Every structure is written in structure tokens, then in C-alpha cells.
Amino acid sequence: MADISNLKKSISEEEEKIEKNYQKLGRAYFELKGNEPAPEFEELVTLIRSSYSKIDEINEKIAELENVQKCPVCGTPLESDMIFCVGCGTKIEWPDTTPYDPQMPETKFCIYCGTRIPREANFCTKCGAKQ
């Protein structure tokens, strides 16, 4: 009985491998022939493209809700500490959002990244550039 159970388990494992390989085959076909699918696959390719478009739209809505900044050149989402875009390499110019405090010692701006730093600073507190 145990032998039969082990053999059935082996069959099940092989069926799982087949299913994973079918998925890989489908992805490989889409990546290879997605722009010119065979007529019998056009509907499936269209459905996949539609889903990708919906995902892009949803990601746009999420970015708007999270107030995510985007690269002005390529549109790649940016994190607040990025100096260069990871999508296209454009240098990102962030506006200075430090509120004015009259009791704060005089400040200057980093010559490299534009961050407000103390006037006497020799190095930037954000990017570490020598001033």
C-alpha cells in the first residue's frame, strides 16, 4: 500500500512540474511572439496585454494616492532620497522643503544636491559631498 501511495505522490509531483513548464512555455511564447501571435493565440495575448494595462493604471492611481514623485524625463517613480533616476539616469532636482526657522543658524545649500545645510558645514548631511 505504501508503495502505491509513493508512486501516486510521484505522479502528482510530475504533474505539478508539467503545469509549471506549461506556464513557462506560455510566458516564453508571449515574450517571443507577443507582437505577432499565431491567430489561435491572439485572444489570449490581447487579454494578457489588457491585464498589463490595467495593472499600469492601478499603479498610477496608487502613486497618486501615495503622492509619489516621478522622474520628469521617463516617469519612473522616485524615492525622496534619490539623486539620480534609476530609469534614465537624469539628475533629480528636489525643491527645498525645509521650513524657515528664524532661530535656526544661517544655512547654505549643498553645491551638489541642493540640500539645506548649516553655513559652517564642510560636508553635506544628505549626499556627503565636500563643500
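The values are calculated or read from the model by the stated rules, or taken from the named source; none is laboratory data. Since this is a predicted model, take the numbers as computed values, not measurements. Note: ideal-geometry Cβ built from the backbone for every residue, glycine included; neighbour counts use all protein chains shown.
In this structure, does residue 24 turn out to be free of Cβ contacts under 8 Å to residues at least 24 places away in the same chain and of a type in the set (D, E, K, R)?
yes
Determine which single condition residue 68 fails, assuming it passes every other condition in (1) surrounded by 13 or more Cβ atoms within 10 Å (Cβ to Cβ); (2) at pLDDT 85 or above.
The failed condition is (2).
Determine which member of the set 4, 55, 48 is exposed (fewer than 10 other Cβ atoms within 10 Å of the Cβ) and either farther than 30 Å from residue 121 by Cα or touching a His at 6+ places or on another chain (Cβ under 7 Å) (or both).
The conditions single out 4.
Might you check whether a residue that is acidic (Asp, Glu) and in a loop (DSSP other than H, G, I, E, B) occurs anywhere in the stretch 49-64?
No, the stretch 49-64 contains no residue that is acidic (Asp, Glu) and in a loop (DSSP other than H, G, I, E, B).
So, in the stretch 10-44, how many residues would count as being outside any helix (DSSP H, G or I), exposed (fewer than 10 other Cβ atoms within 10 Å of the Cβ) and over 27 Å from the mean Cα position of the chain (by Cα)?
Looking only at that region, the number is 2.
Filter the stretch 75-123 down to the residues that are over 24 Å from residue 64 (Cβ atoms), under 28 Å from the mean Cα position of the chain (by Cα) and in a loop (DSSP other than H, G, I, E, B), then identify the one that is modelled with the lowest pLDDT.
Per the criteria, the residue is 98.
Among the residues of the stretch 1-60, which ones are more than 28 Å from residue 77 (Cα to Cα) and either polar (S, T, N, Q) or in contact with a Ser or Thr (Cβ under 7 Å, 6 or more places away or on another chain) (or both)?
5, 6, 10, 12, 21, 23, listed by residue number.
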